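One structure is given here, and the rest of the page talks about it.
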Amino acid sequence: MKEIAPGGVHVGLDLAQASSWRIGGPADIVVEPENFEQVAAFLRLMGQRPEPVLVIGETTNLFFDSRGFRGVLLRIGPKLAQVSIEGTRVRVQAGARVPELVRQLAEAGLGGISHAGGVPGTIGGLVLMNGGSQRKGIGTHVASVLVADADGTLRRWAPPELGFSYRHSALQGRRAVILEVELELESALPADQIAEIDAIIAERAAKFPLDLPSGGSVFLSDPGMYDVVGPPGRAIETAGLKGLAEGAAQISPKHANFIVNLGTASDDDVLRLIATARNKVRARTGFSMACEVRHVGPDGDLRVAHEVADERWPGLDLSE
Ligand SMILES: Cc1cc2nc3c(=O)[nH]c(=O)nc-3n(C[C@H](O)[C@H](O)[C@H](O)COP(=O)(O)OP(=O)(O)OC[C@H]3O[C@@H](n4cnc5c(N)ncnc54)[C@H](O)[C@@H]3O)c2cc1C
């Protein structure tokens, strides 16, 4: 591994310290490649080995099992974050951080993606999730994506194949690694773009509990439920669950669709709150909320968190 990515191999990294939500145990190995050849060589090597592999960016949309991770995490982060601009066309390596990227592009007179200016994480993670804010997704501005397949083969995907829909892309659920994203943006006045980004960030800071580790919105907004009972945050609040704590995890008193880590939360603490919120809202409204956040099991199983919560505690309601 050290031959493939010299200087980019970490053994026994504590995910409770190193991950965004500060939840997890030790990860056997984390590899951080610094060029596409290293990623391809890594994938070829791991294709012949039994250990599970999971690609991560900044871990802002997932949390790890507190027992840790018995495999290899492939981190596409700051070592793969170059940006090149040609007119309104931008090529960016997948590890670039979104808030800094959006601001850099705004300063260069490029707009269209200011809605993502306050979304933490990497552009690779954002494209995989078709993330964004204000009901928009990055997919609208993606011209192509360079992807390494599980056998290390590199191929460029065009938009129809990428299958973007709300918080979804066709790249999900595959062992594909996003290496580079090509964006087609709009010419814009830098001052206007910066003002828009600043306004969005200020609005988010007023609304969301950004002072504590969290995974962002835990549950996805579903249009059918929205029309009848509103967004998940309102449904959870109306069910009386705002502020409910389990261990060191808490349904945020500031925004009920966020679960914050008050210090040493375990994956069980978060999963119990997810089970309770889901069961209580279902009992009151008939709607089953689905999670946006993912749970990573010790053997690399990446699953939407409510599936794991349902399995561990069917019918749990901590508020009773
Ligand atoms: C406070 C807070 C606020 C948030 N607000 C929003 C919001 O407004 N809108 C929104 O959409 N999201 C939001 N999120 C969720 C999260 O920021 C996004 O989903 C983000 O795009 C994930 O990027 P990441 O690099 O952290 O990915 P990770 O969490 O590391 O990974 C997420 C998924 O992407 C995969 N992945 C990551 N990088 C790659 C790659 N290079 N190639 C292939 N697969 C990859 C992982 O395997 C995993 O399946 C928020 C999160 C937090 C903590």
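The numbers here are math on the coordinates, done by the rules we state, and not lab data. Bear in mind the structure is a predicted one, so any value in this text is a computation, not a measurement. Here the Cβ positions follow ideal geometry from the backbone for every residue, glycine too, while neighbour counts run over all protein chains shown.
Under 5 Å between amide hydrogens, built in the peptide plane, is the criterion, and for residue 143 it picks out 182, 183, 184 among residues at least 5 positions away or on other chains. When the helices of the chain are scored as -39500 (n - 2.57) per DSSP H run of n ≥ 4 and the total is divided over every residue, the value at 222 nm lands at -8500 deg cm²/dmol. Among the GluC sites (Glu not before Pro) in the range 1-69, those located in a DSSP loop and surrounded by at most 12 other Cβ atoms within 10 Å of their own Cβ are 3.
Just report the Cα centroid separation between the range 4-38 and the range 61-88, whole Å. Answer, in whole Å: 9.
Taking every DSSP beta bridge that has both residues in the range 1-100, what percent is antiparallel when rounded to the nearest 5?
Working: 9 of 17 bridges.
About 55 percent, rounded to the nearest 5.
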